[in-house]
1. Being modelled with pLDDT of 85 or more, out of contact with any His (no Cβ under 8 Å at 6 or more places or on another chain) and either among the small types (Gly, Ala, Ser) or not in a helix (DSSP H, G or I) (or both) narrows it down to one residue among PRO100, PRO51; which is it?
2. Suppose the filter is at pLDDT below 80 and open to solvent by less than 70 Å² (accessible area, probe 1.4 Å); does ALA37 pass it?
3. When both residues are 6+ apart or on different chains and their Cβ atoms are under 6 Å apart, which pairs have a first residue that lies in segment 7-27 and is closer than 15 Å to GLY86 by Cβ, and a second that is in a helix (DSSP H, G or I) and among the acidic types (Asp, Glu)?
4. Quickly run through segment 117-127 and pick out the residues that are in a helix (DSSP H, G or I) and surrounded by 20 or more Cβ atoms within 10 Å (Cβ to Cβ).
Amino acid sequence: MAKLSQEDLLAQFEEMTLIELSEFVKAFEEKFDVTAAAAVAVAAPGAPGAPVEAVEEKDEFDVILTGAGDKKIQVIKVVRELTSLGLKEAKDLVDGAPKPVLEKVAKDAAEKAAESLKGAGASVEVK
């Protein structure tokens with residue numbers, strides 16, 4: 001088997017949906033017995049008398065589908081519009097609720113997506 005370069009791997013990952021990438025990460029973690037946890041930066045204490053920074057407002061939000069409601073087909077259609085998922089993947093996401101539909105999106109995009117999903121009859125959380 002030919003060895004893939006880092007650029008080739010990144011190109012492959014770019015073509016994957018978030019669900020496919022999440023499944024890949026889980027399989028990778030199981031195969032190699034590792035955890036793909038995000039690195040946490042530890043803030044060093046500031047100099048005495050340094051001003052304390054204000055808490056930053058959150059600018060990335062996740063839209064989580066908590067239930068499909070009575071109009072499951074309409075919810076699947078909206079999920080497909082919001083994501084690049086195919087019909088089967090969107091159906092699986094809706095069937096497997098609660099699951100994230102969009103991750104790390106701007107506040108206005110998250111609110112718009114939540115409104116669309118609620119309009120289709122789904123129950124949604126924005127975190």
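The values are calculated or read from the model by the stated rules, or taken from the named source; none is laboratory data. Everything quoted here is computed from the prediction, not taken from an experiment. Note that we place each Cβ from the backbone using ideal geometry, even for glycine, and neighbour counts take in every protein chain shown. Remember, those area values only see protein heavy atoms, side chains included, never the ligands or the DNA or RNA. Shrake-Rupley method; radii C 1.70, N 1.55, O 1.52, S 1.80 Å.
1. Being modelled with pLDDT of 85 or more, out of contact with any His (no Cβ under 8 Å at 6 or more places or on another chain) and either among the small types (Gly, Ala, Ser) or not in a helix (DSSP H, G or I) (or both) holds for just one of PRO100, PRO51, which is PRO100.
2. The answer is no for ALA37.
3. Pairs that qualify, where the first residue is closer than 15 Å to GLY86 by Cβ and the partner is in a helix (DSSP H, G or I) and among the acidic types (Asp, Glu), are ILE19/GLU89.
4. LEU117 - this is the single residue of segment 117-127 that is in a helix (DSSP H, G or I) and surrounded by 20 or more Cβ atoms within 10 Å (Cβ to Cβ).
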